[in-house]
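Following: one structure in structure tokens, then a few remarks.
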Amino acid sequence: MTTIQNILFPVDFSPSCVAMAAYVKRAAVIFGARVALAHVFDLYSHDGFQLYVRPPSEVTEEQRNLARNKLDSFLNSEFPLLECPRILLSGDAATKITQLARTNRFDLIIMPTHAGLFRRALLGSTTAKVLNDADCPVLTTQHAETISPRQFEHREWVCAIGLDSDSQRVLRYASHAAESVRANLTLVHVIPESGPDLPAELDLEQRLHSAKREAASRRIEALQSAASSHALVSIAIGPIRDMLTEAARRLRADVLVIGRSPQPGVLGRLRDLTYAIARDAPCPVLSV
């Protein structure tokens with residue numbers, strides 16, 4: 001059974017994190033989970049001139065103390081220091097966050113996205129790297145500094161479901177998580193549109209789509225049986241990202257659950273649509 005008992009909330013003191021606070025707090029209440037805040041500070045953010053007049057160890061210790069004081073006071077009314085531990089780290093933010101989540105066995109990471117329209121920006125995004133490397137599920141939402149996430153009401157959950165060997169894991173997680181918060185769950189499977197090299201006859205295309213729908217329905221029925229799931233099923237045809245985000249919008253989903261590629265590294269997880277969907281979805285996205 002899926003349980004979420006420990007939530008990691010990485011913070012960088014940005015407007016995005018402030019906007020996410022109410023959502024993180026609500027999620028913790030719903031799941032009955034404990035929240036820990038983590039901040040990764042940059043050892044090299046100080047003025048280089050300081051190294052000429054002070055010992056490096058003294059400058060580093062001052063940076064650490066400043067970061068510690070800022071972290072301890074950040075969102076203290078929403079997450080009281082005595083109830084929500086603060087964890088201060090230094091180094092590469094994404095690496096430290098994923099290591100912390102793995103070492104301390106966090107069940108869920110919640111963090112906002114940051115803007116980045118091009119692949120080079122995506123690869124440089126802390127959130128994208130965490131999505132790529134984290135072992136535990138990651139819940140994120142579109143740029144919270146400009147669009148605050150709506151209240152987490154746990155009424156309608158949508159799960160993007162494929163037909164591959166990893167689909168049962170994703171379905172089982174989504175089914176158990178939705179059940180734990182008493183949400184309705186709808187499975188959405190997207191059949192990509194026919195390629196440009198296929199014959200353009202309308203009748204043939206319709207028969208191909210019909211056959212694909214029937215095959216997908218049978219496969220999803222088997223997956224649901226294996227996962228003890230009884231969710232509603234919606235099958236769409238078109239661009240995967242567009243169809244999933246449109247389904248989430250149409251169903252007024254509180255959460256969209258998607259599976260990440262099980263392969264680590266840039267050639268693995270970043271080949272899928274995880275970050276693009278998280279960036280464009282009308283609701284928070286839980287990638288598992």
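Can you work out the FRET efficiency for the pair ASP135 and LEU204, with r the C-beta to C-beta distance and R0 = 41 Å, to the nearest 0.05?
That gives a FRET efficiency of 0.40.
Full extension from ASN69 to SER165: what is 0.36 nm times the residue separation minus their Cα-Cα distance, to one decimal in nm?
Taking ASN69 through SER165 to full extension adds about 29.8 nm, to one decimal.
Within the set of other residues whose C-beta is less than 13 Å from the C-beta of ILE97, count the net charge using Lys and Arg as +1 and Asp and Glu as -1.
Once positives and negatives cancel, what remains is -1.
In nm, to one decimal, how far is the modelled label at GLU62 from the one at ARG34, with both set 7 Å along Cα→Cβ?
Label-label distance for GLU62 and ARG34, simple model: 3.6 nm.
Quick one: accessible area per residue over region 1-42, 1.4 Å probe, rounded to a whole number of Å²?
Heavy-atom SASA per residue in region 1-42 reads 37 Å².
How far is it, in nm, from the label point at SER234 to the one at ASN184 when both lie 7 Å from their Cα along the line to the Cβ?
Distance between the two pseudo-spin positions: 1.0 nm.
The values are calculated or read from the model by the stated rules, or taken from the named source; none is laboratory data. For clarity, every value in this text was computed on a predicted model and none was experimentally measured. Positions of Cβ are backbone-derived with ideal geometry, glycine not excepted, and every protein chain shown enters the neighbour counts. Surface areas here come from the heavy atoms of the whole protein model, side chains and all, with no ligands, DNA or RNA. Shrake-Rupley method; radii C 1.70, N 1.55, O 1.52, S 1.80 Å.
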